[in-house]
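S.K.: Below you'll find the structure I mean.
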Amino acid sequence: MTDPRCTPEKRGLTAVEVVAATLLASLLMVAMLGVLRGLKAQEAALEVRRPIPSWQRTLDGVLEHDLANSRTFSLTPTSLTLNGFAGRDSGVATWQPAAITYQVLTDGERNWLVRQVGAHHELVLA
């Protein structure tokens, strides 16, 4: 008869425990992928139902380019001035130093967002 105090302690995992842990982790990953796939399908359905107006896409593209290529900015209550290399000539990037100002102008009851490069009004967005 063996003394229980003399038996060595088990250290580590058995092959069955490793296989069970791997199987559970795989099932969890499959479940997560299913949830993410469902969220992606819902997002795509919402995008189809609510198209973005072209002026918003234009503003988004121009603003993204200006912010990505600017190095400094300054703010006032009605304007944002970006300094950097975001200048454009007829919509094509020039990569020359430029100061771009976005300003909110009020015309009666409507507000207008005006983009100005240097002293030239380049693009007016409603």
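S.K.: Residues in the range 46-55: is at least one in contact with a Leu (Cβ under 8 Å, 6 or more places away or on another chain), assigned to a helix (DSSP H, G or I) and surrounded by fewer than 13 Cβ atoms within 10 Å (Cβ to Cβ)? It would help to see each step written out before you state the result.
M.R.: Taking the range 46-55 first, the residues in contact with a Leu (Cβ under 8 Å, 6 or more places away or on another chain) are 55.
Next, only the ones that are assigned to a helix (DSSP H, G or I) stay: 55.
Narrowing further to those that are surrounded by fewer than 13 Cβ atoms within 10 Å (Cβ to Cβ): 55.
Taking every residue of the range 46-55 in turn, at least one turns out to be in contact with a Leu (Cβ under 8 Å, 6 or more places away or on another chain), assigned to a helix (DSSP H, G or I) and surrounded by fewer than 13 Cβ atoms within 10 Å (Cβ to Cβ).
S.K.: Also, I was wondering about something else. Can you run down the residue pairs with Cβ atoms below 6 Å, 6 or more apart or on separate chains, where the first is in the range 65-83 and under 15 Å from PRO97 (Cβ atoms) and the partner is part of a strand (DSSP E or B) and of a type in the set (D, E, K, R)?
M.R.: none
S.K.: Here's a follow-up. Quick one: how many residues across the range 75-88 are surrounded by 11 or more Cβ atoms within 10 Å (Cβ to Cβ), of a type outside the set (Gly, Ala, Ser) and not in a strand (DSSP E or B)?
M.R.: We begin by selecting, within the range 75-88, every residue surrounded by 11 or more Cβ atoms within 10 Å (Cβ to Cβ); these are 78-88.
Imposing the further condition that a residue be of a type outside the set (Gly, Ala, Ser) reduces the set to 78, 80-83, 85, 88.
If we keep only those that are not in a strand (DSSP E or B) as well, we get 78, 85.
Here the count works out to 2.
Residues are listed down the side, and each one gets a yes or a no for (1) surrounded by 11 or more Cβ atoms within 10 Å (Cβ to Cβ); (2) at pLDDT below 85; (3) within 15 Å of VAL114 (Cα to Cα); (4) outside the structural domain of VAL114 (by TED's automatic domain parsing):
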site: LEU27; (1), (2), (3), (4): no, no, no, yes
site: LEU33; (1), (2), (3), (4): no, no, no, yes
site: ALA41; (1), (2), (3), (4): no, no, no, yes
site: ASP60; (1), (2), (3), (4): yes, no, yes, no
site: HIS65; (1), (2), (3), (4): yes, no, no, no
site: PHE73; (1), (2), (3), (4): yes, no, no, no
site: SER90; (1), (2), (3), (4): no, yes, no, no
site: GLN96; (1), (2), (3), (4): no, yes, no, no
site: VAL104; (1), (2), (3), (4): yes, no, yes, no
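The values are calculated or read from the model by the stated rules, or taken from the named source; none is laboratory data. All values reported here derive from a predicted model rather than from experimental measurement. Here the Cβ is made from the backbone with ideal geometry for all residues, glycine too, and neighbour counts use every protein chain on show.
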